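The structure appears below as structure tokens.
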Amino acid sequence: FPVTISPVPNEDQLAISTLFNFIKDFQPDEIIINGDLCDFASISRHVSFHEELVKDDIDMVNYFLDVFREHAGDKCKIHYTLGNHDSRLITFVENNAPQLRGILTLEKSLNLESRGISFLPYAADKMHWITDKLACHHGFNHGTHFCKTTLDKVGVSIIISHTHRFQSFTAPTVGR
């Protein structure tokens, strides 16, 4: 069974160790990292000053992915879904240094290919299908009823993590 997670860079250490212990004990066949593993606060349009550098984010996430892969084992399929915070690097390069397009990428900076981690871009139409009736996507809606809004838009049962908080919504019949 796939396990879906969405850790943020400054996650509680007890939560991180619990996650790693679970993965090591359960040994899932497939794991979806559902976005926002990188924060990139220093290049966010929402923050006027943040002393953490892009390199700090990348170094921390590389360390996290090393430990993550070690606990998951070589046979586990791991998918990295890009989140809106991760996408800050793409936006920054596009807006400030388009000459680095294709050179400075998250996939390369995080060595995803050498770790055997597949990459799914951040786009409304790019969903990871867990079964033919359940999808996983980082998410794009927010607000009080973000689950209902997402369900109405995509029309299928979906796991999202964009808002970093729990919410659920059910409907009698969904999608296909």
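The values are calculated or read from the model by the stated rules, or taken from the named source; none is laboratory data. Just so it is clear, the structure is predicted and the values come from calculations on it, not from any experiment. For neighbour counting, all protein chains shown are included, and Cβ atoms are generated from backbone atoms with ideal geometry for every residue, glycine included. Heavy atoms of the whole protein, side chains included, go into the accessibility calculation; ligands, DNA and RNA do not. Shrake-Rupley method; radii C 1.70, N 1.55, O 1.52, S 1.80 Å.
Using the structure shown, decide if Asn95 is open to solvent by 100 Å² or more (accessible area, probe 1.4 Å) and either acidic (Asp, Glu) or under 24 Å from Asp57 (Cβ atoms) (or both).
yes
Determine which member of the set Asn141, Asn84, Asn95 is touching an Asp or Glu at 6+ places or on another chain (Cβ under 9 Å) and closer than 27 Å to Ser44 by Cα.
Asn84
Looking only at segment 140-168, filter to residues that are modelled with pLDDT of 80 or more and closer than 16 Å to Ile33 by Cα; which one of those is surrounded by the fewest Cβ atoms within 10 Å (Cβ to Cβ)?
Ile159
Pick from Leu120, Leu104: which is within 21 Å of Arg45 (Cα to Cα), open to solvent by 30 Å² or more (accessible area, probe 1.4 Å) and modelled with pLDDT under 90?
Only one candidate qualifies: Leu104.
Please specify each residue of segment 139-150 satisfying the condition of being within 22 Å of Leu89 (Cβ to Cβ) and out of contact with any Lys or Arg (no Cβ under 9 Å at 6 or more places or on another chain).
Gly139, His142
Take the residues in segment 51-84 that are under 23 Å from Lys126 (Cα atoms) and touching a Ser or Thr at 6+ places or on another chain (Cβ under 8 Å), then tell me which one is surrounded by the fewest Cβ atoms within 10 Å (Cβ to Cβ).
Lys77
Looking at segment 98-107, can you tell me whether even one residue there is touching a residue at least 12 places away in the same chain (Cβ under 8 Å) and within 14 Å of the chain's Cα centre (by Cα)?
yes
With the condition kept exactly as written, say whether any residue in segment 1-12 is of a type in the set (Ser, Thr, Tyr), at pLDDT 90 or above and touching a strand residue (DSSP E or B) at 6+ places or on another chain (Cβ under 6 Å).
Scanning segment 1-12, I find no residue that is of a type in the set (Ser, Thr, Tyr), at pLDDT 90 or above and touching a strand residue (DSSP E or B) at 6+ places or on another chain (Cβ under 6 Å), so the answer is no.
Val174 passes all but one of (1) in contact with a Leu (Cβ under 6 Å, 6 or more places away or on another chain); (2) modelled with pLDDT under 80; (3) over 27 Å from Leu65 (Cα atoms); (4) not charged (D, E, K, R); which number fails?
(1)
From the list Leu134, Leu112, exactly one residue is under 24 Å from Phe68 (Cα atoms), surrounded by 14 or more Cβ atoms within 10 Å (Cβ to Cβ) and touching a residue at least 12 places away in the same chain (Cβ under 8 Å). Which is it?
Within the list Leu134, Leu112, the selection yields Leu112.
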